[in-house]
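The values are calculated or read from the model by the stated rules, or taken from the named source; none is laboratory data. Not measured: the values here are computed from a predicted model. All Cβ positions, glycine included, derive from the backbone under ideal geometry; neighbour counts span all protein chains shown. Remember, those area values only see protein heavy atoms, side chains included, never the ligands or the DNA or RNA. Shrake-Rupley method; radii C 1.70, N 1.55, O 1.52, S 1.80 Å.
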Amino acid sequence: MGESMTGLKRSHMCANVTETMIGENVTVMGWVQRRRDLGQLLFIALRDRTGIVQIVVDGNTAEKTLFEKAETVRSEFVLAVKGKVSARTDGNINENMKTGKIEIIAEEIKILSESDALPFQIEDSITVKDDLRLKHRYLDLRRPSQLKNIMLRHKVVQVIHSFLDKEGFLEIETPILGKSTPEGARDYLVPSRVHPGNFYGLPQSPQLYKQLLMVSGMDRYYQIAKCFRDEDLRADRQPEFTQVDMELSFVEENDIMDINERMMQKVFKELLDVEIKLPLQRMTYQEAMERFGSDKPDIRFGMELKDISDIVKDTEFVVFKNALENGGSVRAINAKCCGNFPRKQIDSLVEFVKTYQAKGLAWIAVNPDGTLKSQIAKFFTPEKLQEIVNAMQAEAGDLILICADKNKVVFDSLGALRLELSRRLELTKSNDFAFLWITEFPMLEWDEEENRYVAVHHPFTAPMDEDLELLDTAPGKVRAKAYDIVLNGYELGGGSIRIHRRDIQQKMFELLGFTPEDSQERFGFLLDAFKYGVPPHGGLAFGLDRIIMLMSGASSIRDVIAFPKVKDASCPMTDAPNVVEQKQLQELGIDIIKVEE
């Protein structure tokens, strides 16, 4: 049972009680972190979202009923405490605590509610299984680290709102119930009761609406937007996530990139006191793939890819030979100071790249005396091996790791391998921030399964002006006016200049395999709007969850979302998704078909 708050009004948050208030009466409210019992002295650590303050109940001076009530207090009881602020004695000062120089001598305590025994302690130092944490997420969020992440998220959003307002953006909400226009991930569908057999699609992004806002003359739009994707299971993927979404009229790539890098600079300076030097580094997609094997490279460490195809082009070593004859390449990275890796560890790296479709890894270790050790030594002369070592600028103690295959496999494998090595060798720190822009993405890529081109970004991305003529002759070579902002190996956001000409948009739909009827059926409302004067426009969307994850040093985006889902897109706390009543299904004209497993 809990007492009423009546008669007590909170005067201060717990950690806002300071030395300047010594001698004053205050009223604080919060949860009991712990209670220490020293005979006639009781100490209660009271916690709210600001932190902890120490409450003292002295049995020698306090009323008997007050002391007896304090003795019944347990962890996570909710209390209202009225008392006088007092300086702690020298021996009791806690320098690690914001309120460590004061305490509150209790004069009145109300137990507002009690707590059962906890499934886990409300402390950062404990190890708790994710399933248990998320089952009791409301308890997990009381832990200081989780609370800190949610507060950081709030502050980042405030800075973004303020910045974009000053840059002339209008905050406009777009519909959650829209038309299903799947192109990429699956849409979440919502059945309509009023239109039986018809469905809304939840937005994967506000893409089409924000382009229509540009047609409407809004000039600069933004929104902190909830987005939904019904994707296959992935550990760090959420079915619903938040984007910082924007679109601008009468702009080119540089304008959008300039605004967004200044926004990131402001966010990181105001909230982390980290200086981001502008302009950010820019790198073309082609250069990023050649150097790092990834279109979202982590540039905080080296270990860059080098193409050694020319050096080994005359080899009889069948793995290299087949790769080159099939139009692939032979590329390598130099793992500095890893030449002493035991064979077992090298074998684990070989197994690692197999998950990226690589058939294996060749390796050359440079011994401390400069001699070479390699499992492919018998296929090459000592001179040829040394030529590879020289090309890789390898020194005594280094380990060269070589992959040969189709370019995509080589890039994926070595790109992932350098990240894996950086983790094993602890080459990076989470509080180092290395931003860059990746530009000139390919417009289209060939999908073997669908036997057609698919858009690398989305069908509304404009081709680079100088590549327009290639749309008819070599669509696979067309580069897009697209750009991604990358931080520490993560894509933070991506955008593009959009197609604003109806003829080019229809040409793009043709290349993607849509008939004119398909295009009209799916995107007719956009094509119709394009008849009535469209400004050149472009935009970008940031993944807010990912920004907060990187800023906070959290290991997963789940730690920066108040109530996240787990990897099968379910919520352990509420048991969503779940069955609904038959009556609801009948109203919607829906019947559930049981699928035999």
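Met392 passes every criterion in (1) open to solvent by 10 Å² or more (accessible area, probe 1.4 Å); (2) more than 14 Å from Val319 (Cα to Cα) apart from (1). Checking each residue in segment 399-434 for being open to solvent by less than 10 Å² (accessible area, probe 1.4 Å) and among the aliphatic types (A, V, I, L, M) picks out Leu399, Ile400, Leu401, Ile402, Val410, Leu414, Leu417, Leu421.
Selection of segment 559-597 for residues being open to solvent by 40 Å² or more (accessible area, probe 1.4 Å) and among the basic types (Lys, Arg) yields Lys567, Lys583, Lys594.
Among the residues of segment 223-248, which ones are touching a Gly at 6+ places or on another chain (Cβ under 9 Å), within 12 Å of Leu540 (Cα to Cα) and not acidic (Asp, Glu)? Answer for segment 223-248, where residues must be touching a Gly at 6+ places or on another chain (Cβ under 9 Å), within 12 Å of Leu540 (Cα to Cα) and not acidic (Asp, Glu): Gln243, Val244, Met246, Leu248.
Applying a threshold of 6 Å to beta carbon distances and a minimum spacing of six or more residues, or different chains, the list of pairs starting in segment 432-445 at a residue that is within 11 Å of Tyr285 (Cβ to Cβ) and ending at one that is of a type in the set (Asp, Glu) reads Ile438/Asp295; Ile438/Asp484.
Do we find a residue being among the charged types (D, E, K, R), open to solvent by 20 Å² or more (accessible area, probe 1.4 Å), part of a helix (DSSP H, G or I) and farther than 29 Å from Ile547 by Cα anywhere in segment 139-149? Scanning segment 139-149, I find no residue that is among the charged types (D, E, K, R), open to solvent by 20 Å² or more (accessible area, probe 1.4 Å), part of a helix (DSSP H, G or I) and farther than 29 Å from Ile547 by Cα, so the answer is no. Taken together, the residues in segment 508-528 that are touching a residue at least 24 places away in the same chain (Cβ under 8 Å) and either over 34 Å from the mean Cα position of the chain (by Cα) or open to solvent by 60 Å² or more (accessible area, probe 1.4 Å) (or both) amount to 2. For segment 89-111, the candidate set comprises residues that are of a type outside the set (A, V, I, L, M) and under 23 Å from Lys69 (Cβ atoms); within that set, the residue that is most open to solvent (accessible area, probe 1.4 Å) is Glu107.
Would you be able to say whether some residue in segment 119-133 is basic (Lys, Arg) and farther than 30 Å from Ile547 by Cα? No, that holds for no residue.
Screening the candidates Tyr188, Tyr209 for the property of being in contact with a Pro (Cβ under 8 Å, 6 or more places away or on another chain), of a type outside the set (D, E, K, R) and under 20 Å from Leu585 (Cβ atoms) yields one hit, Tyr188. Restricting Asp298, Asp314 to residues that are in a loop (DSSP other than H, G, I, E, B) and farther than 20 Å from Phe433 by Cα narrows the list to Asp314.
Counting only residues that are surrounded by 20 or more Cβ atoms within 10 Å (Cβ to Cβ) and of a type in the set (A, V, I, L, M), which one in segment 291-306 is nearest to Asn488 (Cα to Cα)? So the residue we want is Met303.
In this structure, is Ile485 crowded, with 21+ Cβ neighbours inside 10 Å and either within 32 Å of the chain's Cα centre (by Cα) or not polar (S, T, N, Q) (or both)? Criteria met by Ile485.
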